[in-house]
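Notes to accompany the following structure.
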Amino acid sequence: MSRRFIVEPRGLASWWLKLVIPIGSVLAAMVLGAAFLALTGNDWIEVYQKMADAAFGSGRGVAETLVSATPLILTGVAAAVAFKMLVWNIGGEGQLIFGAIMAAGVGIWLSESTPAVIAVVVVVAAGAVGGAFWASLSAVPKVYLGTNEIITTLMLNFIALNLMQYLVLGSSSPWRDPEATQFPQGRPIIENARIPEFFHRLDWGLFVAIGVAVAAWFVISKTRSGFEYRIVGNSFDTARYAGIRVPRKVLGTFLASGAAAGLAGSILVAGILGKMDPRSLDLGLGFTGIIVAALARLNPIAIIPVAVLMGALNNAGPSLQSIGVPDATVQILQGAILIFAVAGEFLILNRIRRPDPTAGEAKATAEAQTA
Amino acid sequence: MADPAQISTPPAVELRKIDKSFYGVLANADVDFSLSRGEVHALLGENGAGKSTLCSVIAGLYRPDSGEMLMDGEVVDLKSPKDALAAGIGMVYQHFRLVSNLTVAENLALGNPEVGLRLSQSELEAEARELGERYDFPVDPTARIWQLSVGQQQRVEILKLLYRNVRILILDEPTAVLTPQEGQALFRAMRSLADEGRSLIFVSHKLHEVKQVSDRVTVLREGRVVGEVATADAEPRDLARMMVGKDLELPTREPNAAIGEPVLVVKDLVVADDRGLDAVDGLSLTVSAGEVVGIAGVSGNGQRELAQGIVGLMKVSGGSVELSGKDVTSTSVLRKIKRGIAYVPQNRLGMGLAPGLDTEDNLALKQFREPPYSNGPMLNQKAFKTKGAELIKGFDIRGVRPGLPIRLLSGGNLQKALIAREVTQDHCVLIARSPTRGLDVGATAVVREQILAERDRGIAVLLISEDLDELLALSDRLVVIYEGKIVGEMPASEATAERLGLLMSGHSEEQPA
């Protein structure tokens, strides 16, 4: 026996392993982060305390963490539902931005006297429609012509970003605030379309995001349509064989994915921003959503805590500068978590064990007998 | 050929007592083979007879477990295809080894140690053009591989070997991908290569091709050489009998007396394959209630397209399919399932089952739309459990655990699950492709039992298989498919190895060879 360890597929991982390994991955990343901080001459305990304090230490801190988590839940769900069906929608960024453009457009266009209930629902829904529309620009050619969605969704991110910047910074479109004379800004949406806040800056958008994640889980695991979705995500050929119209299913999933990302955009516009602000919408939330989805192993419910963790890290970053630690530390931690999570995924899928010498001999004898 | 001077020289390649097994299964056993200079030597045999393994041994891809190989009388030990190429042996595989976005000339240069670091495109192109013209094998050297037809790509593969100046060319089923005209061009090139003194090994299932192009034939069956003859002396019927086996075991059971009304009626069906060629070409067929019709044929003669055309997975471009008198030619797959077509595909995990879902989910893969599995838009998880447990018990599917992806079950249990699902849904026709392929004896028996039980229940069964034993054990009537057409039909009790072998290799009964 030359090999000292045997790696073999685990088959069915127990539920506690699926829980312990991701938590272990996060802890391992923090140990690595601590080592890095210690090596660069920082007091790692102080840094972690400061981060925990900023993220969870006060009501305001918790609110800000959840504010950061809200769009990540939605872009995370957007990525997860698409990836689970082997649709590589990496255009969450563009779909979020186009959702924001639609939401802001509708929010500006609506009459000031529109009742708040209607205005909020219409503006938030406009974001979902916008996101789905932006996704359809990649989805329709993919399904009917076989174009590669990785490329089209990626390119459309830049188009959406530039379109948003043009609408506010480069033209005198209705999206630009005519009263902003110093530096161009987005025009505020009507007051009645703003999502009410309930705890510091935290607004009801959080519950929309959680609702979408729960709904995604429910549809996938409890409904007939979700069963079809799971079959398609397993094998297109099997799905066709079982009488499922695969193109339609892929199209529907792709649009739903875009709608979730678009909702993230409209909730930002109708929530904390109140207008289409190009700087605040260009934070890579769509891309971070992909990381969130990967860490959550594409499970919509797991996306919620993972998004909160990522939100906490984002929120903690700026506080580090006060103790002279660059806020890029947070990015190092995020990167380390992702790497450990990928390694952890391997442990969930495979088991590593010492070879059993007697088993090896038994196998050899069995082979000798058959030969 | 019969030049006495050549007989005295040692053969270009000689194999002595070659054994090769994979995971305990013998692919080649005690194979002796010799290839003379300047001959085209055909290897004939059914699927799985060991032809490709033998070629791969000669080409250095596999190392034999025992036995030796000689070239020009000297023992050689080829450790890799690279060694073989250096010794002058090259093989054209069924799946081409070409870089599709490089040009023909660039592909020729690839991996050639003589090309060195600097490429001269114009020189390469001139050489490629010259080679092509010499063998009447014109290919545009500046064309990129993806722009070429499959036949032209094959030429590039051959030119690649000629460019390396191989003396021994192995062509593994080269005509399988060619149109008849391309095939004829290939044969002409093969002859001129042989006339130059090169030796060729030609693998085929088709007797008429072997007759046309080869000098000698070696027939393999179950990994062993069962005969070697000069082509000129070989009677097609002898070759067919050697290929299929001495005596076929005739079915011991009585044909079903209770054959009812026609259920599945296929008329002049035309189905194109992935390349757009008509793989099923005007095929007509009737299967009645309580009857098992077996379709015999060498793989790649339209079996896949026939099955997928009937069930709606491939587009039917001509003819019709009727089910109990109703036309279902172009209805959707779902409609056909609901009308009563059950289908056991050859590809269990890739098509018949969803590999990552568990067994209970897979057992509901077609019926989940209806009660009790679903209730309006909602799934009824309980029904998945209870119905699943029923089938798992009833069909003795082992190794199942809730949540365990079905792909982790053994082949026999996969097939039991697949068949359990197909035969317990409402249906009047069962189409099964190679249902016992790769199964152990126990699972094979269970699957066969199920198919006969279907027949006894009055289901019309269409059994498409390359395994003659299976066809004879189960069918009431045998139909032979060749190049997308039915070329013969007989009650299973009248089938003989010779008759089937001839029909399967393209000799129609009316036109004796």
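Here is the size of the stretch B:419-513 from its Cα atoms: Rg then Dmax, 14.6, 47 Å.
By a 1.4 Å probe calculation restricted to protein chains, A:PHE56 has an accessible surface near 120 Å², given to the nearest 10. For A:PHE199 and B:ARG339, the FRET efficiency from 1/(1 + (r/R0)^6), where r spans their Cβ atoms and R0 equals 51 Å, is about 0.30. Judged by the ratio a/c of the largest to the smallest principal axis of the C-alpha gyration tensor, chain A counts as oblate, that ratio being 1.5 or greater while a/b is no larger than b/c. Once the chain from B:SER332 to B:SER66 is taken as fully extended at 0.36 nm per residue, the excess over their C-alpha distance is 90.4 nm.
Accessible surface of A:MET164, taken over heavy atoms with a 1.4 Å probe and every protein chain present, rounds to 0 Å². Over chain B, dividing the summed -39,500 (n - 2.57) contributions of all DSSP H runs of at least 4 residues by the number of residues returns a 222 nm mean residue ellipticity of -9500 deg cm²/dmol.
Points 7 angstrom from Cα along the Cβ direction at A:GLU191 and A:VAL7: gap in nanometres? About 6.2 nm, to one decimal. Between A:SER225 and B:ARG188, the simple spin-label model (points 7 angstrom out along Cα→Cβ) gives 6.1 nm.
The stretch between B:VAL150 and B:VAL76, if pulled fully straight at 0.36 nm per residue, gains 23.2 nm over its current Cα-Cα span. Normalising by residue count, chain B has a Cα convex hull of 173 Å³ per residue.
Only protein heavy atoms count here; under a 1.4 Å probe, A:TRP217 has an accessible surface of about 100 Å². Put B:LYS206, B:LYS385, A:LYS222, B:LYS366 in order of accessible area, highest first, and with a 1.4 Å probe you get B:LYS385, A:LYS222, B:LYS206, B:LYS366.
Taking the Cα centre of the stretch B:7-244 as reference, the dipole from Cβ charges on Lys and Arg (+1) and Asp and Glu (-1) amounts to some 340 debye. Using the Cβ-Cβ distance between A:LEU39 and A:SER280 with R0 set to 22 Å, the FRET efficiency works out to roughly 0.05. Taking a ≥ b ≥ c as the square roots of the eigenvalues of the Cα gyration tensor, the stretch A:146-271 is classed as oblate, since a/c reaches at least 1.5 and a/b does not exceed b/c. Residues of the stretch B:391-405 falling in the label zone of A:ILE348, defined by backbone nitrogen less than 17 Å from a point 7 Å along Cα to beta-carbon, are B:403-405. May I ask you to work out the translational diffusion coefficient for the stretch B:348-425 at 37 °C, viscosity 0.692 mPa s, via Stokes-Einstein with Rh from the Kirkwood sum over Cα pairs, reported in whole µm²/s? In µm²/s, the coefficient rounds to 268. For the A and B pair, go ahead and give the buried accessible area with a 1.4 Å probe, both sides summed, in Å² to 100. Buried surface at the A/B interface: approximately 2300 Å². Note on A:LEU86 and A:SER14: their simple-model spin labels are 3.3 nm apart, each label 7 Å out from Cα toward Cβ. Here the protein assembly as shown is assigned +1 on the Cβ of each Lys and Arg and -1 on the Cβ of each Asp and Glu. Its dipole about the Cα centre then comes out at about 2800 debye.
Each listed q (0.09, 0.10 Å⁻¹) maps to a log10 I(q)/I(0) for the protein assembly as shown from the Debye sum over equal C-alpha point scatterers, namely -1.11, -1.23. Accessible area per residue for the protein assembly as shown, computed on protein heavy atoms with a 1.4 Å probe, is 45 Å².
Legend: residue pairs A:LYS249/B:LYS326; A:LYS222/B:LYS267; A:LYS84/B:LYS485, Cα-Cα distance threshold 32 Å; pairs beyond threshold, A:LYS222/B:LYS267; A:LYS84/B:LYS485. In sequence order, the stretch A:106-112 has phi-based couplings of 5, x, 7, 6, 4, 5, 4 Hz under the Karplus curve 6.51 cos²θ - 1.76 cosθ + 1.60, θ = phi - 60°, and Gly or Pro positions carry x. To the nearest 10 degrees, how steeply does helix A:300-320 sit against the main Cα axis of chain A, on a 0 to 90 scale? Here the helix axis deviates by roughly 70 degrees.
Calculated FRET efficiency, A:ILE323 to A:PHE207, Cβ-Cβ distance, R0 = 35 Å: about 0.50 to the nearest 0.05.
Note on B:GLU133 and B:LYS485: the extension gain reaches 123.1 nm, defined as 0.36 nm multiplied by sequence separation minus the Cα-Cα distance.
The values are calculated or read from the model by the stated rules, or taken from the named source; none is laboratory data. Keep in mind the model is a prediction, meaning the values are calculated, not measured. Glycine gets a Cβ as well: all are built from the backbone with ideal geometry, and neighbour counts include every protein chain shown. Protein only, heavy atoms only, side chains kept; ligands, DNA and RNA dropped before computing areas. Shrake-Rupley method; radii C 1.70, N 1.55, O 1.52, S 1.80 Å.
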